[in-house]
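Below is one structure, written out as structure tokens; comments come after it.
The values are calculated or read from the model by the stated rules, or taken from the named source; none is laboratory data. Small disclaimer: the values here were computed from a predicted structure and weren't measured. Virtual Cβ from ideal backbone geometry, glycine too; neighbours counted across all protein chains shown.
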Amino acid sequence: MSDPNAQSNIVLIGMPGSGKSTVGVLLAKQATLAFTDTDLIIQASRGRSLQDIVDGDGYEILRQIEEQALLSVNVSNHVIATGGSAVYSAPAMAHLKSQGLVVFLDVSLATVERRIGNFSLRGISKRKDQSLAELFDERHELYLRYADVVIRGDDLSQEQTCEQILKAAELASG
């Protein structure tokens, strides 16, 4: 028999600005679940911002730190907001999928750009020579690979996004 806690979490993946943290908090309240933001776990454990890690150590180091943080998450009945680069780690994604439903908050590049503004201040894990559009295209394929559910969020409010996720979670569990 499988782990009784399996599928008890809702794991949010997507680009920076897709709403993982904001929607995650609302979703946790509506679904009476706890909330975990893996970016905050990284920052608290390192005593540094994500941007400081990228600037000082490089995006590859941030991805290694992120993988360790994701693999250390062992919770049930949580909404888990991951960093945008979580999907670069197959072991971390397999770990998260074993514990819950993975929901891709899919928004357009234009929405990402509008929501995050100056992305150089966001601690985004990318190569220095990589544009946001190139990163978006690279990651989109990975998000789709790992997602159990895809929620198109461009035209949804935060509340509507939560409703869609809750409906999908009900269907997945039932």
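Note on the range 3-36: residues that are without any contact (Cβ under 8 Å) to a residue 60 or more places away in the chain and either closer than 18 Å to residue 107 by Cβ or aliphatic (A, V, I, L, M) (or both) amount to 5. Inspection of the range 58-75 finds no residue satisfying the criterion of being in contact with an Asp or Glu (Cβ under 6 Å, 6 or more places away or on another chain) and under 21 Å from residue 11 (Cα atoms).
Of all residue pairs spaced 6 or more apart or on separate chains, those with beta-carbon atoms under 6 Å, a first member in the range 137-158 that is more than 15 Å from residue 93 (Cβ to Cβ) and a second member that is modelled with pLDDT of 95 or more and part of a loop (DSSP other than H, G, I, E, B) are 153/107; 154/107; 154/108.
The condition of being part of a helix (DSSP H, G or I) and either in contact with a helix residue (DSSP H, G or I) (Cβ under 7 Å, 6 or more places away or on another chain) or aliphatic (A, V, I, L, M) (or both) holds for only one of 156, 144, that being 144. Selection of the range 51-78 for residues being β-branched (Val, Ile, Thr), in contact (Cβ under 8 Å) with a residue 60 or more places away in the chain and closer than 19 Å to residue 126 by Cβ yields 53, 54. For the range 9-39, the set of residues classified as part of a strand (DSSP E or B) and closer than 24 Å to residue 117 by Cβ consists of 12, 13, 37, listed by residue number. Residues that are out of contact with any strand residue (DSSP E or B) (no Cβ under 9 Å at 6 or more places or on another chain) and surrounded by fewer than 21 Cβ atoms within 10 Å (Cβ to Cβ) do occur in the range 140-148, at least one of them.
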